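Colleague: Right, I'll just put the structure down here and ask away after.
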Amino acid sequence: MRILVIEDNHRLSSSLKMNLEHEGYSVDTAYDGQEGQDLAELTPYDLIILDILLPAKDGLEVCRDLRRRRVHTPILLLTARDSVDDRVQGLDCGADDYLVKPFAMRELLARLRALLRRQQPYKSGRLEMDTLIVDPVTHSVERDGRPIELTPKEYALLEYFMYHPNQVVTRDMIEQHIWNYDFEGSSNVIDVYVRRLRRKIDDPFSTRLLTTIRGTGYRLTPPSREKTG
């Protein structure tokens with residue numbers, strides 16, 4: 001999942017980026033409202049963390065303008081303002097949630113997961129396909145009851161597939177959602193990571209879930225069930 005952090009406090013921005021990347025998210029940052037809005041309109045982010053008090057353009061105006069331009073990405077507002085009127089104003093501008101500074105990182109992460117779940121087919125905490133189970137809270141993965149160890153990037157890739165079951169996921173989609181603007185890699189890096197992931201979630205088992213759609217991308221599907229009787 002790819003997240004945009006729009007926060008002018010460089011120390012807080014760096015802390016958010018570090019913690020989010022530790023959780024497996026891909027993160028871009030902007031330090032003023034106009035830069036953040038430009039990035040949000042250019043890139044299909046999965047979620048935006050938006051401070052209210054920003055240079056160039058305040059966060060409420062950014063939020064309002066993004067909604068006017070039909071950017072429906074979930075927005076979590078960050079602010080030191082904690083009155084009911086401030087929260088109402090932020091939500092009425094089109095934000096999806098509101099978190100008052102200072103905040104606990106655990107709460108922010110929980111709110112992010114809740115916002116992301118609203119956009120996805122899975123409403124419970126776990127992502128499941130056949131006997132493959134992914135827990136976004138603990139980042140644990142298992143299949144047929146056997147734990148599977150993944151690197152952070154492998155986990156992010158699998159989570160993205162799980163959030164898009166039975167859909168063809170192109171290489172461009174993967175690059176846009178799993179890597180940030182700092183990404184510099186070879187042209188086949190996505191294929192390399194998919195092969196690594198397949199070796200762990202498919203090769204040791206009797207049925208395959210992750211298939212290659214030649215010339216297009218990949219698709220995660222449950223094994224077909226033949227009708228009996």
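Derivation of every value follows stated rules applied to the coordinates shown; laboratory data play no part. Because the structure is predicted, anything quoted here is derived from the model rather than measured. Because the Cβ atoms are built from the backbone with ideal geometry, glycine has one as well, and the counts that use them run over all protein chains shown.
Colleague: Based on the Kirkwood radius over alpha-carbon pairs, what value in µm²/s does the Stokes-Einstein equation return for the translational diffusion coefficient of segment 2-118 at 10 °C and 1.306 mPa s?
Modeller: For the chosen part, D equals 115 µm²/s.
Colleague: Let me ask something else. Suppose only helical runs count, i.e. DSSP H with n ≥ 4. What mean residue ellipticity at 222 nm does that imply for the chain under -39500 (n - 2.57) per run, divided by all residues and rounded to the nearest 500 deg cm²/dmol?
Modeller: -12000 deg cm²/dmol
Colleague: To continue, here is another question. Once you have all Cα-Cα distances for segment 127-220, histogram them in 5 Å bins from zero and send the whole-percent values.
Modeller: Computed distribution, short to long bins: 2, 12, 27, 26, 19, 9, 3, 0.
Colleague: What full-extension length gain, to one decimal in nm, is calculated for K57 and R146 as 0.36 nm per residue of separation minus the Cα-Cα distance?
Modeller: Separation in residues times 0.36 nm, less the Cα-Cα distance, equals 27.0 nm.
Colleague: Something else now. Output the antiparallel fraction of DSSP beta bridges having both residues in the chain, as a percent to the nearest 5. Before the final figure, lay out the partial values.
Modeller: Numbers: 17 of 34 bridges.
Antiparallel bridges: around 50 percent, rounded to the nearest 5.
Colleague: Continuing with this model, one more query. Rounded, prolate or oblate: which fits segment 8-62, taking a ≥ b ≥ c as square roots of the Cα gyration tensor eigenvalues, rounded meaning a/c under 1.5, else prolate when a/b beats b/c?
Modeller: It is oblate, given that a/c is not under 1.5 and a/b is not larger than b/c.
Colleague: With labels modelled as points extended 7 Å from the Cα through the Cβ direction, what inter-label distance (nm, one decimal) is found for M18 paired with L91?
Modeller: Roughly 3.4 nm, to one decimal.
Colleague: If you fit an axis through the alpha-carbon atoms of helix 152-163 and take the longest principal axis of the Cα set of the chain, what angle between them do you get, 0 to 90°, nearest 10?
Modeller: Orientation of helix 152-163: about 80 degrees from the principal axis.
Colleague: Turning to a different aspect of this structure: With the crude spin-label approximation of a point 7 Å out along Cα→Cβ, what separation in nm comes out for R69 versus D191?
Modeller: In this crude spin-label approximation the distance works out to 3.5 nm.
Colleague: I need the P(r) histogram for segment 60-161: all alpha carbon pairs, bin width 10 Å from 0 out to the longest distance, whole percents.
Modeller: It works out to 13, 35, 28, 18, 6, 0, in whole percents.
Colleague: Percent of alpha carbon pairs in the chain separated by more than 21 Å? Write out the running numbers ahead of the final one.
Modeller: Working: 15134 of 26106 pairs.
Of the Cα pairs, 58 percent sit more than 21 Å apart.
Colleague: Something else about it: Given R₀ = 25 Å, FRET efficiency for Q34-E107 by Cβ-Cβ distance, to 0.05?
Modeller: According to the calculation, E is roughly 0.30.
Colleague: Right, something else. Pairs of lysine in the chain with Cα under 24 Å and at least 8 positions apart or on different chains: total?
Modeller: 6
Colleague: Mind pulling the angle between the C-alpha long axis of helix 59-68 and the longest principal axis of the chain? Nearest 10 degrees, somewhere in 0 to 90.
Modeller: Once rounded, one gets 60 degrees.
Colleague: What full-extension length gain, to one decimal in nm, is calculated for T221 and H10 as 0.36 nm per residue of separation minus the Cα-Cα distance?
Modeller: Residue separation times 0.36 nm, minus the Cα-Cα distance, leaves 71.8 nm.
Colleague: For a paramagnetic label modelled at 7 Å from the Cα of R199 toward its Cβ, which residues of segment 126-149 fall within the zone defined by backbone nitrogen distances under 15 Å?
Modeller: It comes to 149, nothing else.
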